[in-house]
1. So if each residue of separation counts as 0.36 nm, and I subtract the Cα-Cα distance between residue 21 and residue 92, what length gain in nm does that give?
2. Sort the following peptides by mean Cβ neighbour count (other Cβ atoms within 10 Å, averaged over residues), highest first: 82-91, 11-20.
3. Using a Förster distance of 35 Å, how high is the FRET efficiency between residue 34 and residue 13, based on the Cβ-Cβ distance and rounded to 0.05?
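Nothing in this text is a laboratory measurement; each read-out follows from the coordinates by a stated rule. Note that this is a predicted model, so its numbers are computed, not measured. Counting neighbours? That spans all protein chains shown, and the Cβs are built from the backbone with ideal geometry, glycine included.
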Amino acid sequence: MLLRSSLADSMPRMPRSRWQWRIRLGCLAFLALAYGGLMWHMTHGSGPQGAGAAPKAGMLHIPVKLLAPERENPAPVAPPIVLEAPPPAAFAAPVLERGHHG
């Protein structure tokens, strides 16, 4: 059997059903609900079971001090960096060989 991208002209067409768009819409709605349910379960579902379970990371209260105290003795100013010119580049002339290489 040959696989072709287009159907033969002699092949009968499938009849269109009046329920066809409703079936497609129902399948799409089912997939959307299944995906939404899975995402809800992963984000809002219950955590590990048991009395010794750790609290969720989003519920932990970690005190953080946002501003550091001012330093009494500021750091000394760094001396300026002096840039030196690089030495001139000296390259040998390329060797050109004419003819067959191989």
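1. On the way: separation 71, 0.36 × 71 = 25.56 nm, distance 7.57 nm.
In short, 18.0 nm is gained.
2. On the way: 82-91: 5.3, 11-20: 7.6.
Descending mean neighbour count gives 11-20, 82-91.
3. Details: r = 32 Å, r/R0 = 0.92.
Result of the calculation: an efficiency of 0.65.
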